[in-house]
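To start, the structure under review is shown below, and the notes come after it.
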Amino acid sequence: MPQGLMLTDLAIAGFLLIAAKILRVHLSLLQRMYVPSAVLAGLIGLLLGPAVFDVLPWTDTFTANASLLTAALFSALGLATDLPSPRTVAQRAGSLWAFNQIASVSQWLFAGMFGLLLTTLFWPDINPGFGITMSAGFMGGHGSASVVGEIFTSLGWEDGFTLGLTFATVGIFISISVGMLMLQVALKMGWIDTFTTFASMDDHQRKGLVKPGDQQPVMKDTMSSLSVDSFAIHGALVIVVTAFAYLSANFLSSFHDKVSIPTFVTGFLAGMLVRIIAKQTKASRYLCDGAFKHAAGISTDYLIIFGISAIKITVLAQYLMPMVILAIGGVSFTLWLIFWVAPRVIGDDWFEKGIFSWGWLTGTVAMGIALLRIVDPKMRSKVLDDYAIAYVPGSITDIFIISLMPIAMYNGLHWQALGVGLAYIAFVLFIWRFVFNRLSQAKQS
C-alpha cells in the first residue's frame, strides 16, 4: 500500500489547477488551442518542478501520486459502470463496439511492432517494449500511461514511465490540432454540413465555463444530512475500493515472482462488484452515479497534473528521435483507421463516430467529446449513448491488453502477442459481419 497524497503535493497541484484555469479563461490563445486546464497545470508543474527550475516544494514521493490516483480513477469508474446485456450491445452499438475493438487492439499491435522494428534496426540499445509507451499514452491517456509505466518500472525499465506520460501529453495536442484539420477536410468532402468554429462559440464556451442558467447539480442528495452527508458515503466507497484494489493486487501478485496484477484491474472489477451487490440489495437507490463520475473526473485531473510534472526531461532527450518517428507512424496509422476502416465498419454517421474515436485514440475520451461537440453540438448522432453501451465490454479487452502487452513485449513474446491480437481482430470482424449486421438488417425489416 503506497503512502497517501501528501497535503503539500495536493496543495501545490490545487494551486496549479486554479492558476491554469484562470489563464485558460483570460488567454484566447489557450482557448483556441482547446488546452485542458489540467494539462496546462501539469506543464507549469513540469516547468517549475525538479525537471527544469525546481522551485516548487514537491515532496520526495510526489511522483508516486499518479499511481494512487490511477487506482482511484478506475475504482470510481467501476462503481459507476453497469454491464449491458449482449443484446443491448448488439442492437444499439454493435458497429461502434466492433470498430473500437479493431482500432484499439490494432493500434497497440502497430505500436508494439513498429517500435520493435525501430529498436531492432536502428536503436538496439532501447528496450524492445518501447513502442507500447506510445499506444499507452495515445489511447489510454495519462491513466493507462501510468499503469504501463509502473509495469515497465517493475520489470526494470524506469524510462518507460516518462515516455508513456510524454506520449499522453503530446497526444492531447495532436488530438485537437489534427482533429480540427480533419473537420476542415470533412466539410470540403461533404461528410458534414457545418461545424462549430471558434468564432461562432459564445464567450462561455471559449472559456470552458457553463452559463449560470445552464448549470446543473453535481449530484443528488440520497441520504439525510442528519445522518451523514451523501458525498461522504460516495467518497468512502471510492476510498475503500481503492484500498481493496491495492491489497488484492498485492495478494494476487504474491503467488509468482513474474506475475504482477495492476491495481487498476482489481480496482475496476471491485468497483463493478460493489455496484452489482448494491443493485441486488436495493442499496443502489441511494447511490448517485454523478458522484462517482465526478470522483473519477477529479482523479483524472490531478493524475494529469502529477503525471506531467513527473516527466524527466533528461530521459526525453535520449529518446527524442525514435519518439518523433514512432509518433508520426502512430498518427498516420490512426488516420488510416478513421478514414478507411471506420466508414466500412460503422456505416451511417461514420464521421461523427470517427472523429470521436480519433479523440480517444490519440488523447482522451474528453478530447473525443470536445471534437464531437464541435461537429454535433446538439448530440443528434447519439454517439455518446452508443459509446456508453459499448464501453463496458470494450473495457474488458483494454484491461487485458494494458496488463499483458508490456510484459509480452518486454520478455520477447512479440510474435505471440501479434498472433493473439490478430486472432482477436478476426473474431471481432466475424461477429460484426455475421451477427451484428444480420441483427441490424432484421431490425430494419
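Which one of Gln107, Gln205, Gln215 has the biggest mean-square fluctuation once the chain is modelled by GNM with Cα springs under 10 Å? In this elastic network of the chain, the residue with the biggest mean-square fluctuation among Gln107, Gln205, Gln215 is Gln215. Taking every full run of DSSP H in the chain, the ones that stretch at least 18 Å from end to end by Cα along their long axis and average -1.0 or higher on the Kyte-Doolittle scale are 7-26, 65-79, 86-121, 132-155, 159-189, 230-253, 263-280, 289-309, 313-336, 383-410, 414-431.
The candidate values were (1) 55; (2) 10; (3) 15; the one computed from these coordinates for percent of Cα pairs over 43 Å apart carries the label (2).
Just order 356-366, 333-343 by mean Cβ neighbour count inside 10 Å, highest at the front, would you?
So the peptides 356-366, 333-343, ranked by packing, come out 356-366, 333-343.
On a per residue basis, the convex hull of the C-alpha atoms belonging to the stretch 181-276 measures out at 245 Å³.
Lys-Lys pairs in the chain that are eight or more residues apart or on separate chains and whose Cα atoms lie under 20 Å of each other come to 13.
Per residue, the convex hull around the alpha carbon atoms of the stretch 239-319 comes to 127 Å³. Here the stretch 159-225 is treated as a sphere whose radius is the Kirkwood value from Cα pairs; by Stokes-Einstein at 20 °C and 1.002 mPa s it diffuses with a coefficient of 133 µm²/s. In loop segments of the stretch 275-351 as defined by DSSP, the trypsin sites (Lys or Arg not before Pro) with at most 12 further C-beta atoms inside 10 Å of their C-beta are Lys282. Taking every C-alpha pair closer than 8 Å and separated by at least 6 residues, the mean separation divided by the residue count of the stretch 217-369 gives a relative contact order of 18 percent. Sum -39500 (n - 2.57) across every DSSP H segment of at least 4 residues in the chain, then divide by the residue count to get the 222 nm mean residue ellipticity, nearest 500. One gets -24000 deg cm²/dmol as the mean residue ellipticity at 222 nm.
Since every read-out is calculated from the coordinates, none of them should be taken as a lab result. Note that the structure is a prediction, hence the values are computed from the model and not measured. All Cβ positions, glycine included, derive from the backbone under ideal geometry; neighbour counts span all protein chains shown.
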